[in-house]
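K.L.:
First the structure, which I've put down as structure tokens, then a few questions once you've had a look.
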Amino acid sequence: MATVDLAVRNARILDGTGAAIIEGDVEITAGRISSVGRPSGAAATVEIDAGAMVLTPGFIDVHTHDDGALLRHPGLEFKVSQGCTSLVIGNCGFSAAPALIGATDHTKLLGTTANWTDLAGYAAAVQAARPACNAMALVGHNTIRHLVVGLERREPTPAELDQMRSHVRAAMAQGACGLSTGLIYEPGRYSSTAEIIALAREAAEAGGLYTTHLRNEGDRLLEAVEEALRIGREAGLPVQISHHKAAGRQNWGKVAASLALMDRANSEGLDVMADVYPYTAGSGPMAQYFNLDRLDPALAEVIRFASCPARRELEGRLCVDVAGEWGVVPVEVIRQVLSAPRGTETICIQFLIDEADIETNLRHPLMMVGSDGIPDLRGQPHPRLFGTFPRVLGRYVRERGVLALGEAVRRMTSLSCDRFGLVDRGRVVEGGWADLVLLDETTVIDRATYDDPKQESFGIGLVTINGVVAYRDGVHQPVRAGRMLRHGRS
Ligand SMILES: [Zn+2]
């Protein structure tokens, strides 16, 4: 009889497939689940009684910007304490690789300084940092375009397009799961649909998917969804609409029409899914949302400062409150911040989303959960960084009844793994990697708020990653057992 490293006894098991709860034990040997259901009879080195808690697969955060955090904050406490065991990085067109040695990411979104040139080099750096969570990489279009074309507003030359394609090809060969775009951001917004199709074909060749921060999430949301669908159709690969939303009060409710477009495309043979974060505010690099020559007064009204190296005293404050104090209009505050030294490094939070749209999104069976958290811990980050997954389980499953617990868990685990090519994860099944969570479905809830965003959640009792206890009863364990994952490989 092989020895068992860890056993969770008397658990109510949600296996991640959406099946009903079964009761039994889960045993772990050498990082993998060695038995589910009836105990093998072997004693385990570590025995844990599940008590009243539910055992689920570890959650997959399919939309992160943790490329730099895997190196800077390898403990990843803000993710582990939510039950997240694997992270998809490289979203919105911004990835740590490819890069030039010594380069920093130009939006400061990732917080990386490269000592690598390609994904293989980045993956080696991540392994050396021994992060707590597993990570799967997308390769980002903004990153590639910046590297090859710079920040110029023009088409790439044929030679440059070839070079961009070869970067996608190389990343896919080194384990990336697909190509991401962020078509509202610089320099992605300068690119044509044809350029994206050409690059997406390289990802398609390698069996990857296309994920996109759409060219427009507000007034032209539906046109932007149509563009994404066309890219999927013409490049021949699955499409993932990132952080699906309708931004701006005049667009609230439009997510229903957008989901209908996706449903129709699926019925016609395309493969389209989406992800969402459960908050009514977005967040990102402020310089990317404002044009200094034509500052948007309506947007300035709904801004809150998250990280602001130019004016640390503004962190956590609403732009309108600062404007009142300074005796100026809100756009003037934006102008002064963006014009200050390091002003373009500001990360802001913008309140643009309707609560009802979040529920519409979460009801959709193809909707996954992705935090979109920005891991700059010096400021007052958007609470989604710490709270996303427990918030879905507590607020939207338990309190609001928007979806059932087993279904929510399926869309945080097996669906996400199948989508992003995480093999042998996302299910409580014999032979699978032992990424597991014990949670109390009667109390699980986020505690991070806009005013106090760096708060870990309630109700996550245990997290194991690759069979090692990463978090137990509110305490993070120093053994960090995460790995860089390769698309489609166990
Ligand atoms: Zn985005």
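K.L.:
Sticking with the crude label model, points 7 Å out along Cα→Cβ, report the distance from THR443 to GLU77 in nm, one decimal please.
P.N.:
Inter-label distance under the simple model: 2.0 nm.
K.L.:
Here's another thing I want to ask about it. Kindly provide the helix-only [θ] at 222 nm of the chain, computed as the sum of -39,500 (n - 2.57) over DSSP H runs of four or more divided by all residues, to the nearest 500 deg cm²/dmol?
P.N.:
After summing the helix terms and dividing by residue count, I get -8000 deg cm²/dmol.
K.L.:
With everything on Cα atoms, drop me the angle between helix 193-205 and the longest principal axis of the chain, reported from 0 to 90° to the nearest 10.
P.N.:
With both axes taken from Cα atoms, the answer is about 20 degrees.
K.L.:
Report the net charge of residues surrounding HIS106, where surrounding means a beta-carbon distance below 12 angstrom and charges are Lys +1, Arg +1, Asp -1, Glu -1.
P.N.:
-1
K.L.:
Across segment 36-47, in residue order, what do the Karplus-derived ³J(HN,Hα) couplings come to in whole Hz, using 6.51 cos²θ - 1.76 cosθ + 1.60 with θ = phi - 60° and x for Gly and Pro?
P.N.:
The phi angles translate into 10, x, 6, x, 6, x, 7, 7, 9, 4, 10, 10 Hz.
K.L.:
Which of rounded, prolate or oblate describes segment 180-224 when judged by the alpha-carbon gyration tensor and an a/c cut-off of 1.5?
P.N.:
In terms of gyration-tensor shape, prolate.
K.L.:
Another question about this same structure. List the extent of the Cα atoms of segment 394-490 along each of their three principal axes, largest first, rounded to whole Å.
P.N.:
Taking the Cα atoms of segment 394-490, the three principal extents are 40, 33, 24 Å.
K.L.:
Report, ordered by chain and residue number, the lysines lying within cross-link reach of LYS79, taken as a straight Cα distance under 25 Å and ignoring same-chain residues fewer than 8 apart.
P.N.:
Within the straight-line limit of under 25 Å, LYS79 reaches these lysines: LYS108, LYS245, LYS454.
K.L.:
Near the amide H of TRP116, under 5 Å away, which other amide H atoms are found, from residues 5 or more places off or on another chain, if H is placed in the peptide plane?
P.N.:
For TRP116, whose amide H was placed from the backbone, the distant partners under 5 Å are GLY102.
K.L.:
In degrees between 0 and 90, to the nearest 10, how far off the longest principal axis of the chain does helix 330-339 point, with axes built from Cα atoms?
P.N.:
It is inclined by approximately 90 degrees.
K.L.:
Restricting attention to the alpha-carbon atoms of segment 1-139, what are Rg (one decimal) and Dmax (integer), both in Å?
P.N.:
In order Rg, Dmax, the Cα atoms of segment 1-139 give 18.7, 56 Å.
K.L.:
Based on Cβ point charges of +1 for Lys and Arg and -1 for Asp and Glu, what charge dipole magnitude is obtained for segment 296-350 about its Cα centre, in debye rounded to the nearest 20?
P.N.:
That gives segment 296-350 a dipole magnitude of about 180 debye.
K.L.:
If you average the alpha carbon positions of segment 1-71 and of segment 335-394, how far apart do those two centres end up, in angstrom?
P.N.:
30 Å
K.L.:
Further question on the same structure: Ordered by residue, what ³J(HN,Hα) values in Hz, to whole numbers, does segment 96-104 give under the Karplus form 6.51 cos²θ - 1.76 cosθ + 1.60, where θ = phi - 60° and Gly and Pro are x?
P.N.:
5, 10, x, 7, 9, 4, x, 6, 9
K.L.:
Among HIS141, VAL36, GLY327, which residue has its Cα furthest toward the positive end of the charge dipole of the chain, with +1 on Lys/Arg Cβ and -1 on Asp/Glu Cβ?
P.N.:
HIS141
K.L.:
Expressed as a rounded percentage, what relative contact order does the chain have, with Cα pairs under 8 Å and six or more residues apart?
P.N.:
20 percent.
K.L.:
Using per-residue counts of other Cβ atoms within 10 Å, averaged over each peptide, order 356-365, 275-284, 32-41, 193-202 from highest down.
P.N.:
Descending packing order for the listed peptides: 275-284, 193-202, 356-365, 32-41.
K.L.:
How big is the dipole moment of the chain about its Cα centre under a simple scheme where the beta carbon of each Lys and Arg is +1, that of each Asp and Glu is -1, and everything else is neutral? Debye, nearest 20, please.
P.N.:
440 debye
K.L.:
While we're here: Can you give me the three principal axis dimensions of the chain from its C-alpha atoms, in Å, biggest first?
P.N.:
Principal axes ranked by extent give 71, 53, 45 Å for the Cα atoms.
K.L.:
Highest mean first, how do 53-63, 129-139 rank when packing is the count of other Cβ atoms within 10 Å averaged over residues?
P.N.:
53-63, 129-139
K.L.:
Assuming a ≥ b ≥ c are the square roots of the Cα gyration tensor eigenvalues, decide whether segment 282-350 counts as rounded (a/c under 1.5), prolate (otherwise, with a/b larger than b/c) or oblate.
P.N.:
Judged from the Cα gyration tensor, segment 282-350 comes out rounded (a/c under 1.5).
Taken together, the values in this text are just the output of simple stated rules run on the coordinates, not laboratory data. The structure displayed is predicted, hence computed values, not measured ones. In this analysis, Cβ positions are derived from the backbone assuming ideal geometry, glycine residues included, and neighbour counts consider all displayed protein chains.
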